[in-house]
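Written out below as C-alpha coordinates is the structure these notes cover.
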(Lines give C-alpha, C1' and ligand atoms only; values in the text may rest on other atoms or scores of the structure.)
Protein backbone atom coordinates (compact mmCIF):
# COMPACT_ATOMS: atom_id res chain seq x y z
CA UNK A 1 0.00 0.00 0.00
CA UNK A 2 1.36 3.42 -0.94
CA UNK A 3 1.47 5.79 1.99
CA UNK A 4 3.12 8.82 0.37
CA UNK A 5 -0.10 10.83 0.22
CA UNK A 6 -1.02 9.77 3.76
CA UNK A 7 2.41 10.72 5.06
CA UNK A 8 2.15 14.04 3.27
CA UNK A 9 -1.23 14.75 4.89
CA UNK A 10 0.09 13.73 8.31
CA UNK A 11 3.10 16.03 7.99
CA UNK A 12 0.86 18.89 6.87
CA UNK A 13 -1.39 18.40 9.88
CA UNK A 14 1.58 18.21 12.24
CA UNK A 15 3.40 21.23 10.83
CA UNK A 16 0.32 23.40 10.43
CA UNK A 17 -0.88 22.47 13.91
CA UNK A 18 2.48 23.38 15.39
CA UNK A 19 2.72 26.60 13.39
CA UNK A 20 -0.79 27.71 14.33
CA UNK A 21 -0.15 27.00 18.00
CA UNK A 22 3.06 29.04 17.82
CA UNK A 23 1.21 31.96 16.23
CA UNK A 24 -1.47 31.67 18.91
CA UNK A 25 1.11 31.74 21.70
CA UNK A 26 2.80 34.71 20.02
CA UNK A 27 -0.49 36.61 20.22
CA UNK A 28 -0.92 35.66 23.87
CA UNK A 29 2.59 36.94 24.61
CA UNK A 30 1.59 40.39 23.37
CA UNK A 31 -1.47 40.32 25.62
CA UNK A 32 0.68 39.19 28.53
CA UNK A 33 3.20 41.97 28.06
CA UNK A 34 0.67 44.71 27.31
CA UNK A 35 -1.41 43.90 30.39
CA UNK A 36 1.56 43.98 32.75
CA UNK A 37 2.00 40.23 33.15
CA UNK A 38 -1.60 39.13 33.72
CA UNK A 39 -2.79 35.66 32.66
CA UNK A 40 -6.48 35.61 33.66
CA UNK A 41 -8.76 36.91 30.91
CA UNK A 42 -10.60 39.44 33.06
CA UNK A 43 -7.38 40.53 34.74
CA UNK A 44 -5.87 41.09 31.28
CA UNK A 45 -8.66 43.59 30.57
CA UNK A 46 -8.01 45.38 33.87
CA UNK A 47 -4.29 45.38 33.14
CA UNK A 48 -4.81 46.88 29.69
CA UNK A 49 -6.92 49.64 31.22
CA UNK A 50 -4.31 50.35 33.90
CA UNK A 51 -1.46 50.46 31.40
CA UNK A 52 -3.53 52.37 28.80
CA UNK A 53 -2.49 49.79 26.20
CA UNK A 54 -5.92 48.65 25.04
CA UNK A 55 -5.65 50.64 21.77
CA UNK A 56 -1.93 50.12 21.20
CA UNK A 57 -0.34 48.54 18.09
CA UNK A 58 0.66 45.59 20.26
CA UNK A 59 -2.99 44.71 20.83
CA UNK A 60 -3.57 44.83 17.06
CA UNK A 61 -0.68 42.41 16.56
CA UNK A 62 -2.10 40.17 19.29
CA UNK A 63 -5.55 40.25 17.68
CA UNK A 64 -4.23 39.31 14.24
CA UNK A 65 -2.00 36.54 15.63
CA UNK A 66 -4.74 35.02 17.77
CA UNK A 67 -7.27 35.23 14.93
CA UNK A 68 -4.85 33.45 12.58
CA UNK A 69 -4.05 30.82 15.19
CA UNK A 70 -7.71 30.14 15.91
CA UNK A 71 -8.37 30.20 12.17
CA UNK A 72 -6.19 27.16 11.62
CA UNK A 73 -8.05 25.36 14.41
CA UNK A 74 -11.51 26.28 13.10
CA UNK A 75 -10.50 25.73 9.45
CA UNK A 76 -12.54 28.50 7.80
CA UNK A 77 -11.44 29.79 4.41
CA UNK A 78 -8.64 30.67 3.72
CA UNK A 79 -7.16 28.51 6.53
CA UNK A 80 -8.70 25.32 5.15
CA UNK A 81 -5.97 23.92 2.90
CA UNK A 82 -4.61 21.46 5.44
CA UNK A 83 -8.10 20.21 6.35
CA UNK A 84 -8.85 18.82 2.89
CA UNK A 85 -5.81 16.54 2.73
CA UNK A 86 -6.18 15.45 6.36
CA UNK A 87 -9.79 14.35 5.81
CA UNK A 88 -8.70 12.23 2.87
CA UNK A 89 -5.20 11.14 3.69
CA UNK A 90 -4.66 10.35 7.39
CA UNK A 91 -2.42 7.28 7.43
CA UNK A 92 -4.36 4.07 7.87
CA UNK A 93 -3.42 0.49 7.09
CA UNK A 94 -6.66 -1.32 6.57
CA UNK A 95 -7.33 -5.00 6.13
CA UNK A 96 -9.40 -5.61 3.01
CA UNK A 97 -11.00 -9.06 3.13
CA UNK A 98 -10.21 -11.30 0.18
CA UNK A 99 -13.44 -13.26 0.31
CA UNK A 100 -15.09 -11.06 -2.33
CA UNK A 101 -14.03 -11.28 -5.91
CA UNK A 102 -14.11 -7.72 -7.22
CA UNK A 103 -11.93 -5.97 -9.74
CA UNK A 104 -9.72 -3.03 -8.82
CA UNK A 105 -11.70 -0.78 -11.14
CA UNK A 106 -14.97 -1.74 -9.47
CA UNK A 107 -13.50 -1.40 -5.99
CA UNK A 108 -12.45 2.22 -6.35
CA UNK A 109 -15.49 4.43 -6.37
CA UNK A 110 -14.05 7.92 -5.69
CA UNK A 111 -17.08 8.96 -3.69
CA UNK A 112 -16.46 6.37 -1.01
CA UNK A 113 -12.85 5.27 -1.34
CA UNK A 114 -10.31 7.00 0.89
CA UNK A 115 -7.19 6.24 2.88
CA UNK A 116 -8.54 7.86 6.03
CA UNK A 117 -10.14 5.84 8.84
CA UNK A 118 -13.69 7.09 9.16
CA UNK A 119 -13.86 7.18 13.00
CA UNK A 120 -10.65 9.22 13.15
CA UNK A 121 -11.91 11.71 10.58
CA UNK A 122 -15.25 11.95 12.38
CA UNK A 123 -13.37 12.75 15.59
CA UNK A 124 -11.19 15.36 13.90
CA UNK A 125 -14.17 16.95 12.16
CA UNK A 126 -15.87 17.98 15.40
CA UNK A 127 -13.41 18.17 18.30
CA UNK A 128 -11.09 20.87 16.97
CA UNK A 129 -13.99 23.02 15.78
CA UNK A 130 -15.92 22.74 19.04
CA UNK A 131 -12.86 23.53 21.16
CA UNK A 132 -11.71 26.39 18.92
CA UNK A 133 -15.15 28.00 18.71
CA UNK A 134 -15.58 27.85 22.49
CA UNK A 135 -12.12 29.35 22.96
CA UNK A 136 -12.78 32.07 20.39
CA UNK A 137 -15.90 33.26 22.18
CA UNK A 138 -14.03 33.90 25.41
CA UNK A 139 -10.69 35.06 24.03
CA UNK A 140 -12.14 37.55 21.55
CA UNK A 141 -15.00 38.83 23.69
CA UNK A 142 -13.09 39.49 26.93
CA UNK A 143 -9.48 40.65 26.28
CA UNK A 144 -10.38 42.30 22.96
CA UNK A 145 -13.52 44.02 24.22
CA UNK A 146 -12.12 47.42 23.19
CA UNK A 147 -11.30 46.12 19.70
CA UNK A 148 -14.67 44.53 18.99
CA UNK A 149 -15.20 46.37 15.70
CA UNK A 150 -11.84 45.14 14.38
CA UNK A 151 -12.31 41.46 15.17
CA UNK A 152 -15.94 41.61 14.05
CA UNK A 153 -14.70 42.74 10.64
CA UNK A 154 -12.08 39.97 10.50
CA UNK A 155 -14.62 37.30 11.41
CA UNK A 156 -17.18 38.65 8.94
CA UNK A 157 -14.63 38.25 6.14
CA UNK A 158 -13.84 34.70 7.27
CA UNK A 159 -17.54 33.82 7.52
CA UNK A 160 -18.32 35.12 4.03
CA UNK A 161 -15.36 33.30 2.46
CA UNK A 162 -16.17 30.08 4.31
CA UNK A 163 -19.86 29.99 3.44
CA UNK A 164 -19.32 30.80 -0.24
CA UNK A 165 -16.13 28.85 -1.02
CA UNK A 166 -16.98 25.88 1.19
CA UNK A 167 -20.36 25.22 -0.39
CA UNK A 168 -19.41 26.08 -3.97
CA UNK A 169 -16.31 23.87 -3.99
CA UNK A 170 -18.17 21.01 -2.28
CA UNK A 171 -20.39 20.70 -5.36
CA UNK A 172 -17.41 19.89 -7.60
CA UNK A 173 -15.96 17.11 -5.43
CA UNK A 174 -16.00 13.41 -6.33
CA UNK A 175 -14.59 12.16 -3.01
CA UNK A 176 -17.18 11.94 -0.25
CA UNK A 177 -14.74 12.81 2.54
CA UNK A 178 -13.34 15.74 0.57
CA UNK A 179 -16.91 16.88 -0.08
CA UNK A 180 -17.68 16.72 3.64
CA UNK A 181 -14.44 18.59 4.34
CA UNK A 182 -15.65 21.49 2.20
CA UNK A 183 -19.06 21.15 3.83
CA UNK A 184 -17.47 21.57 7.26
CA UNK A 185 -15.80 24.76 6.02
CA UNK A 186 -19.21 26.12 5.08
CA UNK A 187 -20.69 25.00 8.39
CA UNK A 188 -18.04 26.82 10.38
CA UNK A 189 -19.02 29.99 8.53
CA UNK A 190 -22.48 29.70 10.08
CA UNK A 191 -20.95 29.18 13.53
CA UNK A 192 -18.85 32.34 13.14
CA UNK A 193 -22.08 34.33 12.81
CA UNK A 194 -22.91 33.34 16.39
CA UNK A 195 -19.46 34.42 17.57
CA UNK A 196 -19.87 37.81 15.90
CA UNK A 197 -23.34 38.39 17.36
CA UNK A 198 -21.99 37.66 20.84
CA UNK A 199 -23.88 37.50 24.08
CA UNK A 200 -26.02 40.61 23.53
CA UNK A 201 -28.43 38.99 21.06
CA UNK A 202 -28.18 35.35 22.20
CA UNK A 203 -25.52 34.72 19.56
CA UNK A 204 -23.48 32.49 21.83
CA UNK A 205 -26.56 30.49 22.80
CA UNK A 206 -27.38 30.03 19.13
CA UNK A 207 -23.80 29.03 18.38
CA UNK A 208 -23.68 26.47 21.19
CA UNK A 209 -27.04 25.01 20.18
CA UNK A 210 -26.00 24.69 16.56
CA UNK A 211 -22.64 23.17 17.55
CA UNK A 212 -24.46 20.53 19.61
CA UNK A 213 -26.57 19.65 16.58
CA UNK A 214 -23.50 19.86 14.32
CA UNK A 215 -21.65 17.26 16.40
CA UNK A 216 -24.40 14.68 16.00
CA UNK A 217 -25.06 15.56 12.35
CA UNK A 218 -21.41 15.40 11.34
CA UNK A 219 -20.67 12.20 13.27
CA UNK A 220 -23.78 10.71 11.70
CA UNK A 221 -22.58 11.45 8.18
CA UNK A 222 -19.27 9.70 8.80
CA UNK A 223 -20.93 6.69 10.47
CA UNK A 224 -22.49 5.88 7.12
CA UNK A 225 -22.80 2.12 7.63
CA UNK A 226 -26.48 2.37 8.48
CA UNK A 227 -28.11 3.47 5.24
CA UNK A 228 -31.16 4.96 6.93
CA UNK A 229 -29.17 7.23 9.21
CA UNK A 230 -26.88 8.87 6.66
CA UNK A 231 -29.61 10.60 4.59
CA UNK A 232 -31.22 12.01 7.75
CA UNK A 233 -27.93 13.43 9.01
CA UNK A 234 -27.07 14.86 5.59
CA UNK A 235 -30.47 16.52 5.24
CA UNK A 236 -30.12 17.86 8.77
CA UNK A 237 -26.75 19.38 7.82
CA UNK A 238 -28.49 20.96 4.85
CA UNK A 239 -31.06 22.51 7.17
CA UNK A 240 -34.25 20.85 5.97
CA UNK A 241 -37.24 20.99 8.36
CA UNK A 242 -38.24 19.45 10.69
CA UNK A 243 -34.74 18.14 11.41
CA UNK A 244 -32.53 19.58 14.14
CA UNK A 245 -30.20 21.32 11.70
CA UNK A 246 -33.08 23.45 10.43
CA UNK A 247 -33.99 24.74 13.89
CA UNK A 248 -30.33 25.27 14.80
CA UNK A 249 -29.72 27.38 11.70
CA UNK A 250 -33.05 29.15 12.11
CA UNK A 251 -32.18 30.33 15.63
CA UNK A 252 -28.60 31.20 14.66
CA UNK A 253 -29.69 33.22 11.62
CA UNK A 254 -32.43 34.92 13.63
CA UNK A 255 -29.88 36.05 16.21
CA UNK A 256 -27.70 37.38 13.40
CA UNK A 257 -30.65 39.19 11.82
CA UNK A 258 -31.55 40.85 15.12
CA UNK A 259 -27.94 41.99 15.46
CA UNK A 260 -28.08 43.68 12.06
CA UNK A 261 -25.92 41.17 10.17
CA UNK A 262 -28.29 41.17 7.21
CA UNK A 263 -25.64 40.51 4.56
CA UNK A 264 -24.09 37.60 6.47
CA UNK A 265 -27.47 36.02 7.16
CA UNK A 266 -28.50 36.39 3.51
CA UNK A 267 -25.34 34.62 2.37
CA UNK A 268 -25.94 31.94 4.99
CA UNK A 269 -29.45 31.32 3.72
CA UNK A 270 -28.36 31.13 0.08
CA UNK A 271 -25.43 28.80 0.77
CA UNK A 272 -27.61 26.58 2.97
CA UNK A 273 -29.95 26.06 0.04
CA UNK A 274 -26.93 25.42 -2.19
CA UNK A 275 -25.56 22.80 0.20
CA UNK A 276 -28.70 20.70 -0.13
CA UNK A 277 -27.70 19.92 -3.72
CA UNK A 278 -24.48 18.06 -2.92
CA UNK A 279 -26.02 16.35 0.10
CA UNK A 280 -28.79 15.04 -2.15
CA UNK A 281 -26.12 13.89 -4.61
CA UNK A 282 -24.70 11.57 -1.96
CA UNK A 283 -28.16 10.29 -1.05
CA UNK A 284 -28.97 9.64 -4.71
CA UNK A 285 -25.81 7.57 -5.15
CA UNK A 286 -26.60 5.59 -2.00
CA UNK A 287 -30.10 4.82 -3.19
CA UNK A 288 -29.39 4.12 -6.86
CA UNK A 289 -25.74 3.03 -7.02
CA UNK A 290 -24.84 -0.56 -7.81
CA UNK A 291 -23.51 -2.80 -5.07
CA UNK A 292 -20.31 -3.41 -7.05
CA UNK A 293 -19.48 0.28 -6.92
CA UNK A 294 -18.90 0.27 -3.13
CA UNK A 295 -15.48 -0.67 -1.82
CA UNK A 296 -14.88 -4.20 -0.46
CA UNK A 297 -14.10 -2.64 2.93
CA UNK A 298 -17.66 -1.33 3.22
CA UNK A 299 -19.23 -4.46 1.76
CA UNK A 300 -17.44 -6.66 4.31
CA UNK A 301 -17.88 -4.32 7.26
CA UNK A 302 -19.81 -6.82 9.40
CA UNK A 303 -17.18 -9.49 8.86
CA UNK A 304 -14.39 -7.42 10.36
CA UNK A 305 -13.25 -8.86 13.72
CA UNK A 306 -11.54 -5.60 14.70
CA UNK A 307 -14.69 -3.54 15.16
CA UNK A 308 -17.52 -3.57 17.64
CA UNK A 309 -20.54 -3.45 15.36
CA UNK A 310 -23.02 -3.01 18.19
CA UNK A 311 -21.24 0.02 19.63
CA UNK A 312 -20.92 1.72 16.24
CA UNK A 313 -24.55 1.06 15.39
CA UNK A 314 -25.58 2.36 18.82
CA UNK A 315 -23.52 5.51 18.27
CA UNK A 316 -25.09 5.92 14.85
CA UNK A 317 -28.56 5.59 16.34
CA UNK A 318 -27.78 8.25 18.94
CA UNK A 319 -26.48 10.59 16.22
CA UNK A 320 -29.59 10.08 14.09
CA UNK A 321 -31.91 10.75 17.04
CA UNK A 322 -29.90 13.83 18.03
CA UNK A 323 -30.07 15.09 14.44
CA UNK A 324 -33.85 14.83 14.21
CA UNK A 325 -35.72 15.09 17.51
CA UNK A 326 -34.04 17.91 19.56
CA UNK A 327 -34.96 20.61 17.05
CA UNK A 328 -38.65 20.18 17.79
CA UNK A 329 -38.15 21.06 21.47
CA UNK A 330 -35.23 23.49 21.69
CA UNK A 331 -36.15 25.45 24.81
CA UNK A 332 -34.31 23.17 27.29
CA UNK A 333 -31.21 23.17 25.07
CA UNK A 334 -31.29 26.96 24.71
CA UNK A 335 -31.71 27.36 28.47
CA UNK A 336 -28.56 25.31 29.04
CA UNK A 337 -26.69 27.17 26.30
CA UNK A 338 -27.53 30.55 27.87
CA UNK A 339 -25.68 29.61 31.07
CA UNK A 340 -22.76 27.76 29.51
CA UNK A 341 -20.10 30.32 28.64
CA UNK A 342 -20.71 33.35 30.86
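Of note:
- Listed by first and then second residue, the pairs with beta-carbon distance under 8 Å, at least 6 apart or on different chains, first residue in segment 180-199 and at positive phi and surrounded by fewer than 24 Cβ atoms within 10 Å (Cβ to Cβ), second assigned to a loop (DSSP other than H, G, I, E, B) and modelled with pLDDT under 90, are 198/259.
- Being surrounded by fewer than 22 Cβ atoms within 10 Å (Cβ to Cβ), in contact (Cβ under 8 Å) with a residue 60 or more places away in the chain and not in a helix (DSSP H, G or I) is a condition met by at least one residue of segment 252-259.
- Test: residue 164 is assigned to a helix (DSSP H, G or I) and either touching a strand residue (DSSP E or B) at 6+ places or on another chain (Cβ under 9 Å) or surrounded by fewer than 22 Cβ atoms within 10 Å (Cβ to Cβ) (or both): yes
- Of the residues in segment 24-40, not one is within 15 Å of residue 70 (Cα to Cα), surrounded by 14 or more Cβ atoms within 10 Å (Cβ to Cβ) and modelled with pLDDT under 90.
- Among residues that are modelled with pLDDT of 85 or more and either exposed (fewer than 15 other Cβ atoms within 10 Å of the Cβ) or not in a loop (DSSP other than H, G, I, E, B) (or both), residue 273 is included.
- Of 209, 221, all but one fail to be in contact with a helix residue (DSSP H, G or I) (Cβ under 8 Å, 6 or more places away or on another chain), assigned to a helix (DSSP H, G or I), modelled with pLDDT under 75 and crowded, with 19+ Cβ neighbours inside 10 Å; the exception is 221.
- Candidates 75, 114, 135 - the one that is surrounded by 16 or more Cβ atoms within 10 Å (Cβ to Cβ), out of contact with any strand residue (DSSP E or B) (no Cβ under 6 Å at 6 or more places or on another chain), within 17 Å of residue 10 (Cα to Cα) and modelled with pLDDT of 80 or more: 75
The values are calculated or read from the model by the stated rules, or taken from the named source; none is laboratory data. Source: prediction; values computed, not measured. Using ideal geometry, Cβ is built from the backbone for each residue, glycine included, and neighbour counts are taken over all protein chains shown.
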